[in-house]
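The values are calculated or read from the model by the stated rules, or taken from the named source; none is laboratory data. Here the structure is a predicted model, which is why all the values come from computation and not from measurement. Reconstructed Cβ throughout: ideal geometry from the backbone, glycine too, with neighbour counts over all protein chains shown.
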């Protein structure tokens with residue numbers, strides 16, 4: 001069978017199944033919104049008189065709230081079907097299936113979703129960087145009146161030191177952007193040098209303090225760890241808990257020393273050092289096995305979340321959060337419980 | 001410009017910028033009098049980091065425009081990338097569809113860029129979240145495939161690794177309780193869920209601690225080399 | 001048997017993908033329809049997180065750093081929900097920040113899901129505040145060490161932090177007795193320990209919820225530099241069960257809202273997938289050793 005025929009069949013099956021689902025019970029994948037009427041009293045000041053500002057916002061709402069409101073009053077306008085969010089929901093489902101389709105084979109649907117996310121995420125980060133950092137900090141220092149009058153009225157006035165610092169930041173930033181220029185891109189090396197220098201300076205202190213000294217101190221554990229009964233201090237050590245706790249500490253100290261011996265490559269791993277390195281390897285294998293187990297757990301949770309989205313928000317097959325009355329699932333549920 | 005000027009501008013000046021910036025951050029951790037200078041350098045760094053986001057965006061636009069103009073293979077997708085990039089940038093920077101903030105209702109620009117009803121928020125919820133989440137979810141499949149193809153109990157080390165993986169995989173789910181929950185209290189340490197905790201708190205801690213200490217030594221050495229001007233590989237090959 | 005081995009050796013990985021999908025989707029459907037979840041027994045690290053938050057008196061400020069994005073939401077969103085749930089129930093003053101660009105939206109979603117839905121008496125700006133995102137990674141942490149307002153000058157909705165009641169008494173990050181970070185990578189829990197906890201001289205404690213990939217690497221910091229650890233979705237499920245059982249009204253048999261059972265629901269598909277992983281590893285080894293033995297027999 002040619003690949004293109006397989007895709008046609010797969011898409012046709014999905015369309016048919018979705019078509020069937022749409023006709024059963026309440027259907028699937030619809031989004032609703034609630035009208036929120038905002039009204040804010042504005043006090044009079046030098047530039048304008050007192051007024052009441054009013055506008056309307058539409059917030060997403062659970063389908064069952066719309067159903068309940070429609071039942072109570074079919075002519076109500078507080079809750080409404082949202083075309084924008086419904087189309088968005090179907091688009092999200094399409095993108096999810098398009099990415100999953102890569103598991104079968106590379107295909108135009110996957111490529112389309114990939115192209116979309118590359119463009120969207122690059123712009124998204126740029127917008128966030130602009131509004132969250134550049135506007136309050138850079139423009140807030142260099143053009144404070146503009147920022148104060150148009151965007152952030154409560155932003156405090158910058159100090160002279162902040163203005164000077166932001167001039168430096170702007171200069172370094174413009175040099176960084178020269179990387180895109182056909183000529184003179186070498187000047188971007190100056191802000192890169194600044195970033196590298198600052199990072200190196202930060203990392204020396206933090207890594208020595210936190211990872212070298214503190215971790216070394218934490219390894220100095222008592223090789224006999226007395227466990228006293230919590231009920232009565234006078235009853236003395238508890239034998240088996242003390243043995244197990246002491247054994248754990250001994251294993252930990254030996255483990256750290258042997259693993260460090262393994263990483264010490266300037267000494268040949270022979271004799272005592274060789275045996276210690278071998279023990280270190282065993283510890284590291286256990287560490288990597290544990291890391292694999294946790295990695296699997298992490299990845300599966302992400303997959304479960306996406307499949308939940310498809311079954312809950314798109315297909316309306318399950319409704320764990322009780323956002324709507326799901327007739328198909330409740331009928332099956334009563335048979336299973 | 002004199003012959004040596006390019007070398008000064010392209011090699012010496014960046015080196016000294018890195019050294020000075022680095023030492024300011026280093027000294028600000030030890031001398032309270034330099035604390036505010038360290039804060040200022042940190043603030044400059046944060047703003048430059050934000051401008052780097054803009055650089056990333058611009059770089060993407062440049063690469064994709066070049067692809068379209070040369071009609072490279074897959075240029076259609078580059079066009080889609082650019083269209084999505086432009087739309088997201090315009091609606092985000094312009095705060096299109098964003099209502100004013102209830103704190104400052106007279107200012108049209110005061111609302112949050114991702115407020116309910118905004119196009120930027122719509123793109124986040126229905127494009128960014130599903131695609132990025134699903135891309136990460138693909139990893140679960142590849143982990144399963146890799147486990148089937150690559151994990152072989154060929155020697156003692158591999159057996160140790162696999163046994164630990166099995167204990168953690170079972171012990172961190174209800175399977176551990178079912179398989180070994182019947183063990184009496186005096187042997188509770190052998191229950192899979194307790195065994196997995198023990199492995200994490202003793203063996204995993206020992207192994208990872210050694211790795212952390214090793215990395216700390218390496219990072220410290222590399223950072224010192226950069227701050228002393230010995231390591232200049234980050235500048236790239238230069239004349 | 002040899003036919004079975006041949007099939008295993010030549011198995012197309014797409015069958016493995018299908019098996020993984022079924023092993024995850026099946027339990028999701030079952031749990032979604034029946035509402036049944038698996039019981040959880042909290043481990044010491046999860047209990048430690050619960051105890052650290054419970055030990056704070058009402059009105060104490062806590063710093064919650066959402067250092068993740070929606071891609072890791074499957075593991076971390078349930079943790080965020082339960083952490084905010086316990087903090088709100090305890091009456092703590094919650095200060096939300098993000099060091100990842102998409103963090104602020106996740107903060108807003110969590111506030112809407114927990115605080116606005118179940119704690120409507122809490123006032124924004126007084127009982128909780130969202131300070132949004134700042135770029136700079138560890139440099140932001142460095143600035144926070146000495147001047148918190150310089151690192152985060154305004155809230156997410158544009159109010160200067162000096163005017164925010166929830167930040168009263170906060171000049172530096174170590175004015176918070178407790179830091180709660182929900183972490184998916186860099187910058188995250190490790191950087192908080194390296195740049196803030198180690199420099200604070202014990203003034204600030206830290207608990208974290210992190211992804212499965214990060215968890216083994218954070219164990220060495222527990223319990224000295226890290227006072228509590230929720231590792232992966234299992235940690236989230238354990239903590240959820242702790243919080244739910246402590247906050248459940250004793251005189252009511254009302255069901256726990258589904259949003260506070262999200263992690264426990266996800267332990268069902270975890271079980272299916274883990275059993276599949278073990279089966280795949282065993283099958284792969286059976287095929288490998290059978291093939292190796294037949295080659296040895298053929299050469300001898």
| Which members of segment C:101-125 meet the condition of being within 11 Å of chain A (Cβ to nearest Cβ), crowded, with 23+ Cβ neighbours inside 10 Å and touching a residue at least 40 places away in the same chain (Cβ under 8 Å)? | C:104
| Residues in segment C:226-248: is at least one part of a loop (DSSP other than H, G, I, E, B) and either in contact with a strand residue (DSSP E or B) (Cβ under 9 Å, 6 or more places away or on another chain) or in contact (Cβ under 8 Å) with a residue 24 or more places away in the chain (or both)? | yes
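Only one residue in C:197, C:233 is within 10 Å of chain A (Cβ to nearest Cβ) and closer than 30 Å to residue C:116 by Cα, so which one is that? Don't jump to the end; show me each part of the working.
Values: C:197 fails: closer than 30 Å to residue C:116 by Cα.
Only one candidate passes the filter, namely C:233.
Here is a yes/no grid of residues against (1) within 7 Å of another protein chain (Cβ to nearest Cβ); (2) in a helix (DSSP H, G or I):
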position: B:159; (1), (2): no, yes
position: B:178; (1), (2): no, yes
position: B:183; (1), (2): no, no
position: B:205; (1), (2): yes, yes
| query | How do the pairs read when you match residues in segment B:52-64 that are more than 7 Å from chain A (Cβ to nearest Cβ) with residues anywhere that are in a helix (DSSP H, G or I), using Cβ under 6 Å and keeping only pairs 6 or more apart or on different chains? | reply | B:64/B:78; B:64/B:81; B:64/B:82
| query | Just wondering, is there one or more residues in segment C:181-191 that are crowded, with 23+ Cβ neighbours inside 10 Å and over 20 Å from the mean Cα position of the chain (by Cα)? | reply | no
| Wholly enclosed helices (runs of 4 or more DSSP H) of segment A:163-276 bearing at least 3 residues more than 7 Å from every other protein chain (Cβ to nearest Cβ) | A:239-263
| field | In segment C:159-176, residue surrounded by the most Cβ atoms within 10 Å (Cβ to Cβ) [restricted to those that are in contact (Cβ under 8 Å) with a residue 60 or more places away in the chain and not in a loop (DSSP other than H, G, I, E, B)] | value | C:173
| Scan of segment B:113-134 for residues that are part of a loop (DSSP other than H, G, I, E, B) and either within 7 Å of chain A (Cβ to nearest Cβ) or surrounded by fewer than 23 Cβ atoms within 10 Å (Cβ to Cβ) (or both), ordered by number | B:113, B:115, B:116, B:117, B:118
| message | What's the total number of residues in segment C:60-101 that are modelled with pLDDT under 95 and in contact with a strand residue (DSSP E or B) (Cβ under 8 Å, 6 or more places away or on another chain)? | response | 1
| request: Confirm whether residue C:49 is crowded, with 21+ Cβ neighbours inside 10 Å and in contact with a strand residue (DSSP E or B) (Cβ under 8 Å, 6 or more places away or on another chain). | output: yes
| message | Return the residues of segment B:84-110 that are more than 7 Å from chain A (Cβ to nearest Cβ) and outside any loop (DSSP other than H, G, I, E, B); say none if nothing qualifies. | response | B:86, B:87, B:90, B:91
| said: Anything in segment B:69-82 that is surrounded by fewer than 17 Cβ atoms within 10 Å (Cβ to Cβ) and within 7 Å of chain A (Cβ to nearest Cβ)? List them, or say none. | reply: none
| query | Of the residues that make up segment A:45-63, is at least one surrounded by 15 or more Cβ atoms within 10 Å (Cβ to Cβ) and in contact (Cβ under 8 Å) with a residue 40 or more places away in the chain? | reply | yes
| said: If residue B:7 meets every condition in (1) farther than 25 Å from residue A:141 by Cα; (2) at pLDDT 95 or above; (3) surrounded by fewer than 16 Cβ atoms within 10 Å (Cβ to Cβ) apart from one, which number is that one? | reply: (2)
| note | Sole miss for residue C:276 among (1) surrounded by fewer than 23 Cβ atoms within 10 Å (Cβ to Cβ); (2) at pLDDT 95 or above; (3) more than 14 Å from chain B (Cβ to nearest Cβ) is condition (3)
| Selected residue (criterion: nearest to residue A:199 (Cα to Cα)) from residues of segment C:200-225 that are in a loop (DSSP other than H, G, I, E, B) and more than 7 Å from every other protein chain (Cβ to nearest Cβ) | C:200
| remark: Reported set for segment A:19-28 where residues are out of contact with any helix residue (DSSP H, G or I) (no Cβ under 9 Å at 6 or more places or on another chain) and surrounded by 11 or more Cβ atoms within 10 Å (Cβ to Cβ) is A:22
